[in-house]
Amino acid sequence: MNPLVQRVLSRSDVRAVARAATLIENRGPQATDLLRELFLHTGQARVIGITGPPGAGKSTLVSQLIGAFRALDKRVGVIAVDPSSPLTGGAILGDRVRMLEHHGDNSVFIRSLATRGALGGLASATLDLVLLLDAAGFDPILIETVGVGQDEVDVAHVAGTVVVVLVPNMGDDVQAIKAGILEIASVLVINKADLDGAGKLERELDAFSVPVCRTVATTGAGVAELVAALPAAPSRDTRAVWESRLRVMLRERLEALLPAAELSEAASSVARRQQDPYAILDNWMKHYFSRSVQR
Ligand SMILES: Nc1nc2c(ncn2[C@@H]2O[C@H](COP(=O)(O)OP(=O)(O)OP(=O)(O)O)[C@@H](O)[C@H]2O)c(=O)[nH]1
Ligand SMILES: [Mg+2]
């Protein structure tokens, strides 16, 4: 067994987890070997996505959840995906990473992830980190992501449980995110419930047959109720979860094989009607996807 794998599995070596996380972020064959060895030790953790519009209070809520789960003596893993604002969540979480690693708290592990690298997309990288933290004995694993766009929906699919954080008086924003992320919510949170309009938002959310919690993340009000609304065990790391994970992994892996320049060249030649898209796809299948196994 790879000595790093052994150290990760020991559940007491945060430095090993940090090293493995860095290898995984950098992608590469070393990471794949590591993940293969770790995989059979996963499947124990609840993976909870915390998503919602910028500034909804996701990071503040995540900090509260860390506290709540620590009070239950849980070891908590946190992955902050592509923190949108260096002034709010990103910086706060960044500071916490430094603080916690320096104080050697083995029970909380926080990592920011912003690599939309060439070798695999954000959702795959997030899933790989989830599997690492799962194998390292962290449960729950919280994933903070801004809930706009397909990437974020993909990231949310990595989590078995999806908490969508909304705030009062969002106006058209509710409509805008309804199409995507609201559809996959397991729990809806009305954060900033101290502001006017929480009741109105709650009525708008009635149409969704999922639990609705009100929180004030800055004070911790409602956080215990939110924790109670979350599943007590990893119930959705099932065939259905793996079906969407595998679909995302497959798509990202295929896309990574294709040089970006080639995609844009092909697009302009199709747009000018110089080539048809079906011929191009056949060509790609032949040239890239038939010899696509790494190593
Ligand atoms: N009044 C009020 N303010 C809150 C509440 N929760 C968070 N905030 C404030 O809202 C601001 C944004 O909070 P964050 O936790 O950084 O929000 P976020 O969703 O992580 O933001 P991004 O990661 O940048 O998308 C901060 O100034 C928080 O103090 C709440 O319940 N009530
Ligand atoms: Mg944040």
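Data overview
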read-out: Residue among Ser186, Ser209, Ser264 that alone is in the same structural domain as Leu166 (by TED's automatic domain parsing), free of Cβ contacts under 8 Å to residues at least 12 places away in the same chain and among the polar types (S, T, N, Q); value: Ser209
read-out: Failed item, numbered, when Arg46 is tested on (1) surrounded by fewer than 21 Cβ atoms within 10 Å (Cβ to Cβ); (2) in contact (Cβ under 8 Å) with a residue 24 or more places away in the chain; value: (1)
read-out: Tally of residues being at pLDDT below 95 and small (Gly, Ala, Ser) across segment 207-227; value: 2
read-out: Matching residues, segment 120-144, being assigned to a helix (DSSP H, G or I) and of a type in the set (Asp, Glu); value: Asp128, Asp134
read-out: Candidate set from segment 49-84 (those that are in a loop (DSSP other than H, G, I, E, B) and among the charged types (D, E, K, R)); member that is surrounded by the fewest Cβ atoms within 10 Å (Cβ to Cβ); value: Asp73
read-out: Of residues in segment 45-72 being farther than 12 Å from Glu144 by Cβ and at pLDDT below 90, the one farthest from the chain's Cα centre (by Cα); value: Gly55
read-out: Subset of segment 73-92 that is at pLDDT below 55 and within 16 Å of Val155 (Cβ to Cβ) - its residue that is nearest to ligand 1 (Cβ to nearest atom); value: Gly89
read-out: Residue within segment 230-244 that is modelled with pLDDT of 90 or more and hydrophobic (A, V, I, L, M, F, W, C) present; value: yes
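The values are calculated or read from the model by the stated rules, or taken from the named source; none is laboratory data. Not measured: the values here are computed from a predicted model. Cβ: placed from backbone, ideal geometry, glycine included. Neighbour counts: every protein chain shown.
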